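Beneath this line is the structure, given in structure tokens, with notes to follow.
The values are calculated or read from the model by the stated rules, or taken from the named source; none is laboratory data. All values reported here derive from a predicted model rather than from experimental measurement. Please note: Cβ atoms are built from the backbone with ideal geometry, for glycine as well, and neighbour counts cover all protein chains shown.
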Amino acid sequence: MNNDLILLGHGSGGRLSHQLLDELIIPIVSGISPAGQNDAALLESVPGRIAYTTDSFVVDPIFFPGGTIGSLAVHGTVNDLAMMGARPLWLSVGLIIEEGFSKADLKTILEDMRAAADAAGVAIVTGDTKVVPRGKADKIFITTSGVGAVEHTLPIHGANARPGDVIIINGTIGDHGIAVMAGREGLEVDTEIQSDSAALNGLVAVLLAEVGGGVHVLRDPTRGGVATTIKEIAQQSGVAITLKEEALPVKAAVRGVCSILGLDPLFVANEGKLLAFVAADAADGALATMRKHPLGGNAAIIGAVGAGPAGRVQMETVIGGMRSVDMLSGEQLPRIC
């Protein structure tokens, strides 16, 4: 028996399962004592409304420049809560592991999850582990769910964009998608290309404290990129949106790879970026607030909201023309998160 690999028995619910949980998984991700391990976590009541979200992560490769599937799983769920203006509090973690997976790699992933959770100020309070036969999965898949407290009454949601709103992004686009693709294909690209995977709840908290009701919509442009997210919001809110091509912050290295491969950075995934739709009179304050934060140094105003036609998104190009912007059609970069 190879003690360095995950075996089917580790998912049986028997002795091997308990050894895996007690010796590796639980001590790293939560530290819950054996006496506190039950079928569900008991959570304290919180003031205000509750935000709840769930997501699954199948990224390939599981280790990529700037992150791992473990840190990505935590960041993605924390950010989904933050985009509702919630304060993330608790996470659950479900692991689907392929037989033969390395325990050393699992340990690295778990440590990254715990580090990401600690940095975001959230606790991993419950979870589950299953093992499937070799060839029935690809190394490891992770499902995370999160609970957060909405401690205000602000109507922050995708249907709340209003004519006159200014659209701000907190930094460069396309970093995550290109970093993952480079890792997957073994491309030797500029070392500047790293995933932007990060927890955005701290940035959101500062933004809401500064701008408050001036923030109408928050959304993280993950799969499908900025273009798809902007189109979704235009349709939800029944407004028209105009983006400015010259205002879009894109790293030169990312733009270069996209140019070579025929990709548009607008449609490439991000994991540490947010789009904030804010009232025009709050835009300068919101931009300044973002730029003071470690995750917002390259924040920029990239567009504005108009009255109609509802759902239309267009781009003012660098040469002065206008082009239509639609959702991503198909899968530009599969298994990106």
Residue in the range 140-150 that is farther than 30 Å from VAL217 by Cβ and not assigned by TED's automatic domain parsing to the domain that holds GLY306 present: yes
Residues satisfying the stated conditions in the range 80-105, i.e. of a type in the set (D, E, K, R), under 30 Å from ILE169 (Cβ atoms) and in contact with a helix residue (DSSP H, G or I) (Cβ under 8 Å, 6 or more places away or on another chain): ARG87
Residue within the range 88-104 that is of a type in the set (Lys, Arg) and farther than 19 Å from ALA116 by Cβ present: yes
Count of residues meeting criterion [more than 20 Å from the chain's Cα centre (by Cα) and more than 26 Å from ASP22 (Cβ to Cβ)] in the range 122-159: 8
Members of the range 21-60 that are assigned to a loop (DSSP other than H, G, I, E, B), over 11 Å from VAL125 (Cβ atoms), more than 23 Å from the chain's Cα centre (by Cα) and in contact (Cβ under 8 Å) with a residue 60 or more places away in the chain: VAL46, PRO47, GLY48
Single residue of ALA247, ALA227 found to be among the aliphatic types (A, V, I, L, M), surrounded by 22 or more Cβ atoms within 10 Å (Cβ to Cβ) and either without any contact (Cβ under 8 Å) to a residue 60 or more places away in the chain or in contact with a helix residue (DSSP H, G or I) (Cβ under 6 Å, 6 or more places away or on another chain) (or both): ALA227
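Rundown of residues vs (1) surrounded by fewer than 21 Cβ atoms within 10 Å (Cβ to Cβ); (2) of a type in the set (Lys, Arg); (3) in contact with a Ser or Thr (Cβ under 6 Å, 6 or more places away or on another chain); (4) on the phi < 0 side of the Ramachandran plot, yes/no style:
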position	(1), (2), (3), (4)
ILE32	yes, no, no, yes
ASN38	yes, no, no, yes
ALA41	yes, no, yes, yes
VAL46	yes, no, no, yes
ARG49	yes, yes, no, yes
GLY70	no, no, no, yes
GLY94	yes, no, yes, yes
PHE101	no, no, no, yes
ALA104	yes, no, no, yes
SER197 vs. criteria surrounded by 16 or more Cβ atoms within 10 Å (Cβ to Cβ) and closer than 14 Å to VAL268 by Cα: yes
Residue count for the range 104-121, restricted to those that are within 17 Å of the chain's Cα centre (by Cα) and within 13 Å of SER71 (Cβ to Cβ): 10
Identity of the residue in the range 268-298, closer than 23 Å to VAL74 by Cα and of a type in the set (A, V, I, L, M, F, W, C), that ends up surrounded by the most Cβ atoms within 10 Å (Cβ to Cβ): ALA276
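Inspect all residues belonging to the range 293-302 and state whether any of them is at pLDDT 95 or above, in a helix (DSSP H, G or I) and either under 17 Å from ILE173 (Cα atoms) or not assigned by TED's automatic domain parsing to the domain that holds ALA240 (or both).
Initial filter on the range 293-302 (at pLDDT 95 or above): 293-302.
Those left that are additionally in a helix (DSSP H, G or I): none.
Among the residues of the range 293-302, not one is at pLDDT 95 or above, in a helix (DSSP H, G or I) and either under 17 Å from ILE173 (Cα atoms) or not assigned by TED's automatic domain parsing to the domain that holds ALA240 (or both), which makes the answer no.
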